[in-house]
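Visitor: I have a structure here, written as structure tokens, and I will follow up with some questions on it.
The values are calculated or read from the model by the stated rules, or taken from the named source; none is laboratory data. The shown structure was predicted, so the numbers you read here are calculated from the model rather than taken from an experiment. Virtual Cβ from ideal backbone geometry, glycine too; neighbours counted across all protein chains shown. SASA here: full protein model, heavy atoms, side chains in, ligands and nucleic acids out. Shrake-Rupley method; radii C 1.70, N 1.55, O 1.52, S 1.80 Å.
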Amino acid sequence: MRNILTICNYTFREALSRKIFLTFFGVSSLVLLIFSLIFATVSIEDMLPVVNVNGENQVDNLVSELTIFFKTFIIVPLYGGGLFLSIFSVSSFIPNMLEKGNIDLLLSKPVSRSQIIWGKFAGGSIMVLLNVAYLVTGIWLLIGLKFSDWGMSLLYSIPSITFAFMVLYAMIVLIGILTRSSILAMMLTYLIFFIFSPLLVAREQIYLLFDSEILEFLIDSVYYILPKTSELGKITVDLVQGRGISDYQPIWTSLLFLILNLSLSIITFSKKDY
Amino acid sequence: MHVINVNNLTKVYKARKRTADVLALNNFSLQVEEGKIFGLLGPNGAGKTTFIKILLGITHPTSGTAEMLGKPIQNYTIKARIGYLPENHRYPGYLNAEQILIYFSKLSGYYPSDLNSRINFLLHLVKMEKWKRVKIKKYSKGMMQRLGLALSMINDPDVIFLDEPTDGVDPIGRKEIRDVLVNLKNEGKTIFLNSHLLSEVELISDEVAILHKGNLVQRGSVQELTTTKEIYEITLDKALVMESINAINETGIIERHGNKYTIKVATNEELNRIIDELRQNGYYFQSIVPKKHSLEEMFINLINDKEKNAS
């Protein structure tokens, strides 16, 4: 455990040295500052017209809608943009570690290869968790102070977004070990995150275009194998909006994907010569 | 006690085509005693680095067994007592010397209460104390090498593997590194040295092994390997009158400088016959010394012979 914590700690430092997480932190601080200014200078009554589009005059409902509006306004770009930046910054962790002269030193220490993978994985994940937690908790505090809405729904996005990142990061780790290429790891992850996952969510519509059972089976297989980041995003928004989780399938299949990728990473890494 | 005990170690690097497989080590066996400086020599591609990597668990052997400090190398916990300076090392540039020494100490499972004192001591030893808080990315090649040496010692290891430790270091720095290694040996540590700089290996190694194409071709003390038994340098009190000495005429003089002669003899009896004859003829010996090759000469001759035999 000590070894994992040590590697995790230095992965964290590596992430800090990249500046990307500091940028993320800076942007988060800026967002919090802007929200603080808006909340400090604009009264709730002034904000109501923003969401008062259906002509109802129930102030309590409108305040509730307003808080949901703000929460969603933060979470949707945080999910997309935050994960985009996080993938970008961690994609080189494994290829860098595997560089000649670097991996030799690491493997010459009394640390098992699985501990190295766990340490790297935990380090990147904790980094993202802290960044997401910083922004989300900050927004939660501001909304709570302004609207006296201390509901926990916004905070559920912290584990939800971190989990989505961990699923993708597990794939980055495996691709990094197999290919030692950060660019390939990044590209394939973006491909799944931005192209495959949204497409596969709409697979029912695709089936309408091609009347083929084999194709349906193939697309279904790909759907269940790949992580469901689009659906995880929808679950995050649902949680934030207080609707809860309606379908757990995307969570457990993505969790299986994470476990499979990490297991394969450890097995492959343990067998390789450096 | 043998700190390294390797038996029939073979390593084949598999290629896509079987004919392109590379045999890096071929049934290699080696035992290294505790408290010695052991030099492993060989031309490029001989298998030296592969051997160290197998011992350290960086590369897996194809067959054979290896033990370090009495335990099989598969037991990674033994590496807590090992230090390593790899060739072409890369240290994280965003850390400074102090930070990386702490990092490697932790990774080695070494948590002494006086870690800071040890870091200061090691940085002083490798003349890097002024660079303690400077980011590694600003270091020169020689400074990186000095830092690497300090890193290999941070966990107070019993065995230290050094792959080209003086690479990129100036002559004064090399001398300082040699002194450090000799001091470590005097403390009872075992040093395993891979180096192309044979003159340096010759200066500090107790024992040397030579690898060629994955095979052990020679092994012994530096004294044994550099001494040429059949050739002697004799120094007399006066120059020889050649015609008067039959034995030496039969043998033949290889070199002559004033009253110093290099002779080649086939046996000890022949050497003693020459000595007797010279003494009977009124010559006095100032010295008789077996002619020594440098380690480099011996190495080049040996490898050339192997290449010729192979072709």
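Visitor: Among all residue pairs at least 6 apart or on different chains, which show Cβ distances below 6 Å where the first residue, located in the range A:33-48, is closer than 21 Å to residue A:136 by Cβ and the second is open to solvent by 80 Å² or more (accessible area, probe 1.4 Å) and at pLDDT below 80?
Guide: Final answer for the pair search is none.
Visitor: Residues to consider are B:207, B:224; find the one that is in contact with a Ser or Thr (Cβ under 6 Å, 6 or more places away or on another chain) and either open to solvent by 10 Å² or more (accessible area, probe 1.4 Å) or β-branched (Val, Ile, Thr) (or both).
Guide: Step by step, each of B:207, B:224 is checked, and only B:207 is in contact with a Ser or Thr (Cβ under 6 Å, 6 or more places away or on another chain) and either open to solvent by 10 Å² or more (accessible area, probe 1.4 Å) or β-branched (Val, Ile, Thr) (or both).
Visitor: Among the candidates A:267, A:245, A:214, A:235, which residue alone is within 14 Å of another protein chain (Cβ to nearest Cβ) and either free of Cβ contacts under 8 Å to residues at least 60 places away in the same chain or under 30 Å from residue A:143 (Cα atoms) (or both)?
Guide: Every option except A:267 fails the conditions.
Visitor: State which residue is nearest to residue B:12 (Cα to Cα) when the search covers only the range B:51-69 and only residues that are open to solvent by less than 50 Å² (accessible area, probe 1.4 Å) and not aliphatic (A, V, I, L, M).
Guide: So, considering only residues that are open to solvent by less than 50 Å² (accessible area, probe 1.4 Å) and not aliphatic (A, V, I, L, M), the one nearest to residue B:12 (Cα to Cα) is B:61.
Visitor: Could you check residue B:141 against (1) more than 12 Å from every other protein chain (Cβ to nearest Cβ); (2) modelled with pLDDT of 90 or more; (3) over 17 Å from residue A:107 (Cβ atoms) and say which number it fails?
Guide: Status for residue B:141: all satisfied but (2).
Visitor: Now for a separate question. Could you say whether any residue in the range B:74-81 is at the interface with another protein chain (Cβ under 9 Å from one of its Cβ atoms) and closer than 15 Å to residue A:274 by Cα?
Guide: Looking for residues that are at the interface with another protein chain (Cβ under 9 Å from one of its Cβ atoms) and closer than 15 Å to residue A:274 by Cα, one finds none in the range B:74-81, hence no.
Visitor: Oh, and also: Being charged (D, E, K, R) and open to solvent by 20 Å² or more (accessible area, probe 1.4 Å) is the filter here, so list the residues in the range B:79-93 that pass it.
Guide: B:81, B:87, B:90
Visitor: Criterion first (modelled with pLDDT of 90 or more, open to solvent by 10 Å² or more (accessible area, probe 1.4 Å) and not hydrophobic (A, V, I, L, M, F, W, C)) does residue B:48 satisfy it?
Guide: yes
Visitor: Let me ask something else about it. Take the residues in the range A:15-48 that are within 19 Å of the chain's Cα centre (by Cα), within 14 Å of chain B (Cβ to nearest Cβ) and part of a helix (DSSP H, G or I); name whichever of them is surrounded by the most Cβ atoms within 10 Å (Cβ to Cβ).
Guide: The selected residue is A:15.
Visitor: While we're looking at this one, here's another question. Using beta carbons and a limit of 7 Å, which pairs, at least six apart or on different chains, have the first residue in the range A:248-260 and assigned to a helix (DSSP H, G or I) and the second one hydroxyl-bearing (Ser, Thr, Tyr)?
Guide: That search, which allows pairs on different chains as well, returns A:253/A:224.
Visitor: Would you mention how many residues in the range B:129-158 are polar (S, T, N, Q) and more than 28 Å from residue B:78 (Cβ to Cβ)?
Guide: Selection size over the range B:129-158: 1.
Visitor: Which condition number in (1) under 24 Å from residue B:42 (Cα atoms); (2) surrounded by fewer than 15 Cβ atoms within 10 Å (Cβ to Cβ) is the one that residue B:267 fails?
Guide: (1)
Visitor: From the residues in the range B:103-130 that are more than 10 Å from chain A (Cβ to nearest Cβ), under 11 Å from residue B:154 (Cβ atoms) and more than 28 Å from the chain's Cα centre (by Cα), which one is modelled with the lowest pLDDT?
Guide: Only one residue tops the list, namely B:112.
Visitor: Moving to a separate point now. Pick from A:112, A:108, A:92: which is open to solvent by 10 Å² or more (accessible area, probe 1.4 Å), more than 21 Å from residue A:186 (Cα to Cα) and within 13 Å of chain B (Cβ to nearest Cβ)?
Guide: A:112
Visitor: Moving on. Would you check which residues across the range A:125-165 are in contact (Cβ under 8 Å) with a residue 60 or more places away in the chain, within 29 Å of residue A:14 (Cβ to Cβ) and crowded, with 22+ Cβ neighbours inside 10 Å and list them?
Guide: Once the filter is applied, which keeps residues that are in contact (Cβ under 8 Å) with a residue 60 or more places away in the chain, within 29 Å of residue A:14 (Cβ to Cβ) and crowded, with 22+ Cβ neighbours inside 10 Å, the range A:125-165 yields A:127, A:131, A:135, A:136, A:139, A:157, A:160, A:161, A:164, A:165.
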